[in-house]
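S.K.: Could you have a look at this structure, given as C-alpha cells, before my questions?
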C-alpha cells in the first residue's frame with residue numbers, strides 16, 4: 001500500500017525552532033513536497049526535495065532521506081503567523097500525475 | 001504567478017440539487033484536479049484531467065462528475081447533492097508531468113442542507 005505519516009498536532013513557542021516529521025511508504029518515489037495551509041485557505045507550496053539532503057529557504061528548511069523514507073520540515077525563528085497546517089505529499093511518476101497526501105500536521109505557535 | 005480561480009468561496013445548496021463548481025486557471029496548465037478536504041481525512045482526490053475532454057477518476061469519484069471543454073476551465077458537478085457532500089472543495093492545476101508543484105484555488109466551502 002501507499003502511506004504517509006505525520007504527527008497530527010504540534011505546539012511551539014514564538015522564536016523557537018520546530019521540526020515536523022513525515023515518513024512515507026510508497027511504491028515509487030520521484031520527490032516530496034511540503035505545503036502550508038492556513039485555516040480556511042488553500043495550500044501553498046513551500047518546498048520540494050528529490051535528492052537526499054537539506055534544502056534551505058529562508059526560515060524554512062526541508063530534509064530528505066530516501067533510504068529511510070523520511071523527510072522533515074524545519075521552521076526557525078517561529079512567528080505567530082506560522083500557525084497553520086503543514087502537509088507532506090509524495091510524487092510518484094508511476095502514479096500518473098497524482099500526489100499521495102499526508103493528513104497534515106497542525107502547528108500552533110504560542111506567544 | 002499562477003492564478004487558479006474558483007467561482008465561489010461559499011455556497012449553500014439543498015439536497016437533490018445539481019451543483020456546479022467552476023475552476024479557471026490562467027497559466028495554460030495541462031493538468032487540473034478536484035479535491036475535497038474534510039477534518040481528519042485530509043485532501044482526497046475526486047477527479048483529475050490531463051487534457052481537454054480527458055478525465056480520470058481519483059480516489060472518491062462516486063456522486064461526482066467533471067467537465068473539461070476548454071483547457072483553462074475544469075468543472076465539478078454534483079449530480080444530486082447529498083448532505084455527505086458538505087465539504088471544502090479545492091481545485092488545483094499543474095504544468096506537465098513533472099516535479100512542479102500543484103497550484104490551488106482559494107477553495108469553495110459547500111454546505112448541502
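S.K.: Is there a simple number for the mean count of other chain Cβ atoms within 10 Å of the Cβ of residues in A:55-68, and what is it?
M.R.: Whole-number average of other-chain Cβ neighbours for A:55-68 is 0.
S.K.: Could you tell me which of rounded, prolate or oblate describes the range A:18-102, using a ≥ b ≥ c as the square roots of the eigenvalues of the alpha-carbon gyration tensor, with rounded for a/c under 1.5 and, failing that, prolate when a/b is larger than b/c and oblate otherwise?
M.R.: oblate
S.K.: Starting with the highest mean, order A:47-56, B:44-53 by the number of other Cβ atoms within 10 Å, averaged over the residues of each peptide.
M.R.: Descending packing order for the listed peptides: B:44-53, A:47-56.
S.K.: Follow-up. On a full-extension model of 0.36 nm per residue, what is the gain between residue B:1 and residue B:28, subtracting their alpha-carbon distance, rounded to one decimal in nm?
M.R.: Here the answer is 8.5 nm.
S.K.: Using alpha-carbon pairs under 8 Å, 6+ residues apart, how would you state the relative contact order of the range A:46-111 in percent?
M.R.: Once normalised by length, the contact order is 22 percent.
S.K.: Calculate the mean, over all residues of peptide B:99-107, of how many other protein chain Cβ atoms lie within 10 angstrom of the residue's Cβ.
M.R.: Taking all residues of B:99-107 together, the mean is 6.
S.K.: Here is a further query. Please work out the Cα center distance from the range A:18-90 to the range B:15-41, rounded to the nearest Å.
M.R.: Taking the Cα centre of each part, the range A:18-90 and the range B:15-41 sit 24 Å apart.
S.K.: With the contact rule set at Cα under 8 Å and sequence spacing of 6 or more, what percent relative contact order holds for chain A?
M.R.: 37 percent
S.K.: Which whole-number percent gives the relative contact order of chain B, counting Cα pairs below 8 Å spaced six or more residues apart?
M.R.: Answer for chain B is 36 percent.
Read the figures in this text as sums done on the coordinates, not as results from a lab. Computed from a prediction, not measured in an experiment: that's the story for all the values here. Neighbour counts are summed over all protein chains in view; Cβ atoms, including those assigned to glycine, are modelled from backbone coordinates with ideal geometry.
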